[in-house]
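Structure record follows, encoded as structure tokens.
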Amino acid sequence: MAATLIDGKALAARLRQQLTTEVEELRQRGVVPGLAVVLVGDDPASRVYVSMKEKACAQVGIFSAEHRLPAETSQQQLLELIGQLNQDRRIDGILVQLPLPGHIDENAIIAAIDPAKDVDGFHPVSVGRLAIGQPGFRSCTPFGVMKMLEDIGCDLNGKEVVVVGRSNIVGKPVALMCLAQNATVTLCHSRTRDLAAHVGRADVVIAAVGRPEMIQGDWIKPGAVVIDVGINRLADGRLVGDVAFEAAAARASAITPVPGGVGPMTITMLLYNTVESARQRP
Ligand code: NDP
């Protein structure tokens, strides 16, 4: 393997260490950062994510307030809870674990969160601020990708960045973040013609598709940086990314592994946003 491995686990651990120190400093000034975690229903994957987030909060000293609601909770009841959390001075961030049960309009719930507490960065105000280059909360997975690029000293100025996948939670925001750093950005999706040709031009490839190893190693330009956001479980139980890792690593200058790449960064950036919000507490 020629490429340097971009160790998301190690970077996440370093960032969490820094956050622990910052939380301690805030506590000494009488501010305990607080995250409200809202889970509706009992989707097993959501339960796992929520407990991982709560555990991560506890590790760095963030107070987390858990709100587990039954699946039959009405949209109105959930909106009332969000309204209370918006007013609660102990709460700096509100995280509503998605997906919500089908009878609840996710957009209406996200829109009800005070943008000052939108640590997931999904509120239209946060997305709008990102689009027009204003400060605001950045959504956690793309923000984690940017932190990784920064950490390896990858200056995006003038670089060709190819993002594969245009979802609202990864592809689109990461493309906007790269644009804000003066990259020339191409955003590819399922209707893109000749994906290989686009990827082959990229100095930086960011894959967020959700298809195991679909990005072939020989598409990668020699020396490119490859960030693989995809997490796919194969029939044999193995976890793989969206990039054919071994072949891509033979050509890339740096590449993220799956698991242990982007994955550990997502929750870390949630903690980061919560601490940032506590810092700005009115
Ligand atoms: P979505 O399913 O929402 O989006 C997938 C995107 O890939 C769509 O834009 C789709 O295009 C595009 N796509 C699908 N097939 C092709 C194709 N053949 N060629 C080019 N583009 C294609 O996925 P997410 O963005 O939510 O997630 C992507 C991956 O990242 C998943 O594996 C997910 O598990 C992982 N993930 C990891 C996180 C982490 O913490 N590390 C966090 C979030 C996601 P179109 O829009 O045209 O349909």
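Read the figures in this text as sums done on the coordinates, not as results from a lab. Just so it is clear, the structure is predicted and the values come from calculations on it, not from any experiment. Here the Cβ positions follow ideal geometry from the backbone for every residue, glycine too, while neighbour counts run over all protein chains shown.
Worth pointing out:
- When the chain is treated as a GNM with alpha-carbon contacts under 10 Å, the residue of Gly83, Gly230, Gly144 showing the greatest mean-square fluctuation is Gly83.
- Excluding same-chain neighbours fewer than eight residues apart, the lysines reachable from Lys172 by a Cα-Cα span under 20 Å are Lys147, Lys159.
- Set of aspartates and glutamates with alpha-carbon distance to Lys9 below 17 Å, sequence-local pairs under 8 removed: Glu150, Asp151, Asp228
- Here the chain carries DSSP beta bridges of which approximately 5% are antiparallel, counting only pairs with both residues inside.
- Length-normalised contact order for region 53-159 - Cα pairs under 8 Å, 6+ apart - percent: 17
- Region 235-282: C-alpha gyration tensor shape, a/c 1.5 cut-off, then a/b vs b/c: oblate
- In a fully extended conformation the segment linking Thr20 and Val48 would gain 7.8 nm over its present Cα-Cα distance, using 0.36 nm per residue.
- Region 162-207, relative contact order in percent, only Cα pairs under 8 angstrom and at least six apart counted: 51
- Range in the chain, longest, excluding exposed trypsin sites (Lys or Arg not before Pro) [loop by DSSP; at most 15 other beta-carbon atoms within 10 Å]: 91-190
- The chain: most fluctuating residue of Asp218, Asp228, Asp203 per GNM, C-alpha cutoff 10 Å: Asp218
- Summing +1 for each Lys or Arg and -1 for each Asp or Glu among the other residues whose beta-carbon sits under 12 angstrom from that of Ala208 gives +1.
- Total formal charge among the other residues, if their Cβ is under 12 angstrom from that of Cys57, Lys/Arg +1 and Asp/Glu -1: 0
- The calculated FRET efficiency for Glu150 paired with Leu239, based on their beta-carbon distance and R0 = 30 Å, is about 0.75.
- Highest GNM mean-square fluctuation among Pro44, Pro99, Pro124, for the chain modelled with Cα contacts below 10 Å: Pro44.
- Here each label is just a point 7 Å from Cα along the line to Cβ, and for Asp105 and Ala58 those points are 3.8 nm apart.
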